[in-house]
Amino acid sequence: MTTETIDELCINTIRFLAVDAVQKANSGHPGAPMGQAPMAYVLWDRFLKHNPGDPKWPDRDRFILSCGHASAMLYALLHLTGYDLSLDEIKSFRQWGSRTPGHIEYGLTPGVEVTAGPLGQGFANGVGMAIAEKWLAEHYNRPGHEIINHYIYAIVSDGDLEEGVSSEAASLAGTLRLGNIIYLYDDNGISIEGSTDIAFTEDVAQRFRAYGWHVIGPVDGMDIAEVDSALVAAQAEAERPSLIICRTVIGYGSPNKEGTAAAHGEPLGEEEVRLTKERLDWSYREPFTIPAEALAHMRRALDRGKGWQGEWQAGMEEYRKAFPEEARSLETDLEGDLPVGWDSDLAQLFKPEDKPIATRAASGQVINAISNKVHALAGGSADLAPSNKTLLKDRGHFGAGEYDGHNMHFGVREHAMGAIANGMALHGGIIPYTGTFLVFYDYMRPPVRLAALMGIRVVYVFTHDSIGVGEDGPTHQPVEQLMGLRMVPNLITIRPADATETVEAWKVALERRSGPTALIFSRQKLPVLDRTALSPAGELQRGGYVLWEAGAKPDTVLLSSGSEVHIALDAGRQLQEKGVTARVVSLPSWELFEAQPQEYRNKVLPPEIKARVSIEAGTTLGWERYVGSDGTILGLNRFGASAPGKVVYERLGLTAQRVVEEALKLV
């Protein structure tokens, strides 16, 4: 069989595995795989450095299918090249319990590098992966020992480029001169509503050149020779990220749907599948047929991958002999492990005699102490580092040509920042954190949700967490954002009451490997709680605990989080003076508290005590879970106002006096 013939056979095998999967499921997107198959085949067969036998090999090239709706094509590639994904799984496309979901999901399917579906996210994840690759290479490569050296490839769609997150990420990638990025742009001219001309007419090539990218094409994406040449040219450009514009035909081969929106998001139909196979000279009538010649050709990836990884492992052994300390550090970073004793200095950071300190400032001290022992910790802010206190002192700044810095500068790009941090975590080798004001969580919701869905370790620092922001007014005073974070499955949200709880919050965040953590910090200064008279700060690990109580049999329970814990504590002592025995509960993390045994939760919040008052400078929604139908919730069901923070608290009734008044009504 000639090279041209085997190439065409493999491309059609990829196409029809995808078409048959969508048809059997009676659900999915056949058009993109039919048009993208040639470029995907060239990339996977001739350029992609990977090992199907070990999908987690650290120095593999990364491949991102940013348009995750084309998932059936990726599943075909994974099966054909020898990943642990059976043909039966492809036949179970989009079905309950299968490893072939409608949009690709990280951690579910071997070889899938990111969860993609919300367009633009994969594009930005790739930028984060490229940053991680550059950072690791700069830290650990030595002359004659290129231990880290790989590309970040992606197939991106019109929809990816229309979403704003891709613009943010592309701008930063160009600024950082990330030459390890090579993206294939599937320019098929079709969107769900019809031609892309109805809403997307910009000159994409000029746009990306303006970002500082190396732009190739347009090339004929259906011509494998042109795609091959374009990829060679992209690899030759080391100083700029590359975008290869590939003109393709959605639904290629379909007599009645090719080049139309009808090919995008629904099965072709049994008759159209038959006609398409006839038109493309596919003689196999049985669905899911894989010609032996195509499978043998594609499975060569197993031997190539084994060889590449074997060479890398041999090089790693030489590296380990020449640079044993660096090798140990690299392996620790790649495993995501925390060194023994990494938190040993944290308990001494804050003492009760210290002056009041904002938890954002306390967080800044904590991460600087941690960074001295945890090499992998790196991150930054959306141009708010002086306010978020996210700067690591004497740890360098990551920038074009200076890729070893631990301080990342994301610019005013919260959306991309979140998605880039996800990419850094997915790549491995870095424990990323981000920083912005809590009110701007609204710009970051998609990547935070996806981090939780993927179960990856990212730490989100959100400061200026309440009406305590003060004079900046309601545009910058978060009300509903805290509850929004608490509603995300598999996201741990922690709002510490003081500097000592801030220490414990960071410990939770870094020790958690199964999902992201949001840390919520105050702008205003707060007293350092005297732990000799109160419960230990380490109780934060349980999410909620009895901070203080006036006696063994409380009449009322006062609950709070963050800065309002001090208000509750003041109110508890005032109640004591009035002969009422109060218990003050610090509840910094609902998720951690709900994970405790019911016995412990009942001990903290005895069911028989109905007189409960909660106070938190945010929406009241959700607090009924803890105060019950007989309790009182003090919070905000309106926006704030521009005035000094203390004045706003007083005017909106979030005071110790108000807590006392409400508690007295209940006892």
For the range 90-107, indicate whether the set of residues that are of a type in the set (Asp, Glu), open to solvent by 20 Å² or more (accessible area, probe 1.4 Å) and in contact (Cβ under 8 Å) with a residue 12 or more places away in the chain is non-empty.
-> yes
Check whether at least one residue in the range 415-430 is in contact (Cβ under 8 Å) with a residue 12 or more places away in the chain, in contact with a strand residue (DSSP E or B) (Cβ under 7 Å, 6 or more places away or on another chain), more than 27 Å from ILE152 (Cβ to Cβ) and buried (at least 22 other Cβ atoms within 10 Å of the Cβ), and report yes or no.
-> no
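I need a count of the residues in the range 272-313 that are on the phi > 0 side of the Ramachandran plot and of a type in the set (Gly, Ala, Ser).
Residues of the range 272-313 on the phi > 0 side of the Ramachandran plot: 281, 288.
Pick out the ones that are also of a type in the set (Gly, Ala, Ser) and you get none.
Adding up the residues that qualify gives 0.
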For the range 438-445, state whether one or more residues are closer than 23 Å to LEU334 by Cβ and open to solvent by 10 Å² or more (accessible area, probe 1.4 Å).
-> no
Of the candidates ASP88, ASP160, the one satisfying the condition of being among the acidic types (Asp, Glu), more than 21 Å from GLN309 (Cα to Cα) and in contact with a strand residue (DSSP E or B) (Cβ under 9 Å, 6 or more places away or on another chain) is ASP160
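Here are ARG395, ARG457, ARG449: which of them is modelled with pLDDT of 95 or more, farther than 21 Å from GLY107 by Cα and either of a type in the set (D, E, K, R) or assigned to a loop (DSSP other than H, G, I, E, B) (or both)?
Working: ARG457 fails: farther than 21 Å from GLY107 by Cα; ARG449 fails: farther than 21 Å from GLY107 by Cα.
The unique qualifying residue is ARG395.
Each row is one residue, and each column tells you yes or no for (1) outside any loop (DSSP other than H, G, I, E, B); (2) open to solvent by 10 Å² or more (accessible area, probe 1.4 Å).
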| residue | (1), (2) |
| --- | --- |
| GLU326 | yes, yes |
| THR332 | yes, yes |
| GLY341 | no, yes |
| ALA362 | yes, no |
| LYS373 | no, yes |
Residues GLY310, GLY253: which one is among the small types (Gly, Ala, Ser) and free of Cβ contacts under 8 Å to residues at least 60 places away in the same chain?
-> GLY310
Please work out if ASP394 is among the acidic types (Asp, Glu), in contact (Cβ under 8 Å) with a residue 60 or more places away in the chain and open to solvent by 10 Å² or more (accessible area, probe 1.4 Å).
-> no
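Out of all the residues in the range 4-11, is one or more closer than 25 Å to GLU311 by Cβ and either open to solvent by 10 Å² or more (accessible area, probe 1.4 Å) or within 25 Å of the chain's Cα centre (by Cα) (or both)?
Going through the range 4-11, the residues closer than 25 Å to GLU311 by Cβ turn out to be none.
Within the range 4-11, none of the residues are closer than 25 Å to GLU311 by Cβ and either open to solvent by 10 Å² or more (accessible area, probe 1.4 Å) or within 25 Å of the chain's Cα centre (by Cα) (or both).
Which ones in the range 62-85 are out of contact with any strand residue (DSSP E or B) (no Cβ under 6 Å at 6 or more places or on another chain), open to solvent by less than 10 Å² (accessible area, probe 1.4 Å) and part of a loop (DSSP other than H, G, I, E, B)?
Our first condition is that a residue be out of contact with any strand residue (DSSP E or B) (no Cβ under 6 Å at 6 or more places or on another chain); within the range 62-85, this holds for 68-73, 75-85.
If we keep only those that are open to solvent by less than 10 Å² (accessible area, probe 1.4 Å) too, we end up with 68, 70-73, 75-78, 80-81, 85.
Correct list: LEU85 only.
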In the range 14-58, anything assigned to a loop (DSSP other than H, G, I, E, B), more than 17 Å from MET298 (Cα to Cα) and open to solvent by 10 Å² or more (accessible area, probe 1.4 Å) is listed as ASN26, SER27, HIS29, LYS56, PRO58
Say we look at the range 556-574 and pick out the residues that are over 23 Å from GLY484 (Cα atoms) and not hydrophobic (A, V, I, L, M, F, W, C); which of these is most open to solvent (accessible area, probe 1.4 Å)?
-> ARG573
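Matching residues to (1) charged (D, E, K, R); (2) part of a loop (DSSP other than H, G, I, E, B); (3) touching a residue at least 24 places away in the same chain (Cβ under 8 Å):
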| residue | (1), (2), (3) |
| --- | --- |
| ASP465 | yes, yes, yes |
| VAL479 | no, yes, yes |
| VAL488 | no, yes, yes |
| VAL546 | no, no, yes |
| VAL557 | no, no, yes |
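Quick check on the range 253-295: of everything there that is among the polar types (S, T, N, Q) and in a loop (DSSP other than H, G, I, E, B), which residue is most open to solvent (accessible area, probe 1.4 Å)? Quick ask: steps written out before the conclusion?
At the first step, the residues of the range 253-295 found to be among the polar types (S, T, N, Q) are 254, 256, 260, 276, 283, 289.
So of that shortlist, the ones also in a loop (DSSP other than H, G, I, E, B) come out as 254, 256, 260, 283, 289.
Details: SER254: 0, ASN256: 109, THR260: 48, SER283: 88, THR289: 36 Å².
This residue is ASN256.
I'm checking my understanding of the structure. Among residues of the range 575-594 that are in contact with a strand residue (DSSP E or B) (Cβ under 6 Å, 6 or more places away or on another chain) and outside any loop (DSSP other than H, G, I, E, B), which one is most open to solvent (accessible area, probe 1.4 Å)?
Going through the range 575-594, the residues in contact with a strand residue (DSSP E or B) (Cβ under 6 Å, 6 or more places away or on another chain) turn out to be 575, 582-589, 591.
Now narrow it down to the ones that are outside any loop (DSSP other than H, G, I, E, B): 575, 582-586, 591.
On the way: LEU575: 0, ALA582: 0, ARG583: 21, VAL584: 0, VAL585: 1, SER586: 1, GLU591: 39 Å².
If we take residues in the range 575-594 being in contact with a strand residue (DSSP E or B) (Cβ under 6 Å, 6 or more places away or on another chain) and outside any loop (DSSP other than H, G, I, E, B), then GLU591 is most open to solvent (accessible area, probe 1.4 Å).
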Pairs, please: C-beta under 9 Å, at least 6 apart or cross-chain, first residue of a type in the set (Asp, Glu) and modelled with pLDDT of 95 or more and in the range 630-652, second open to solvent by 90 Å² or more (accessible area, probe 1.4 Å) and part of a loop (DSSP other than H, G, I, E, B)?
-> ASP630/LYS610
Condition broken by ILE148, with the remaining ones in (1) within 19 Å of the chain's Cα centre (by Cα); (2) more than 16 Å from LEU243 (Cβ to Cβ); (3) surrounded by 19 or more Cβ atoms within 10 Å (Cβ to Cβ) satisfied | (1)
Residue count, the range 479-535, condition open to solvent by 20 Å² or more (accessible area, probe 1.4 Å), among the small types (Gly, Ala, Ser) and over 26 Å from GLY418 (Cβ atoms), comes to 2
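Collect the residues in the range 120-169 that are of a type in the set (A, V, I, L, M, F, W, C) and either farther than 26 Å from LEU334 by Cα or assigned to a strand (DSSP E or B) (or both), keeping them in residue-number order.
Residues of the range 120-169 that are of a type in the set (A, V, I, L, M, F, W, C), as a first pass: 123-124, 127, 129-132, 135-137, 147-148, 152, 154-156, 161, 165, 169.
Matches in the range 120-169: ILE152, ALA154, ILE155, VAL156, LEU161, VAL165.
The values are calculated or read from the model by the stated rules, or taken from the named source; none is laboratory data. Since the structure is predicted, the reported quantities are computational estimates derived from the model, not experimental observations. Neighbour counts run over all protein chains shown; Cβ positions are idealised from the backbone, glycine included. The protein model used for the area step is the full one, side chains on, heavy atoms only, and it has no ligands, DNA or RNA in it. Shrake-Rupley method; radii C 1.70, N 1.55, O 1.52, S 1.80 Å.
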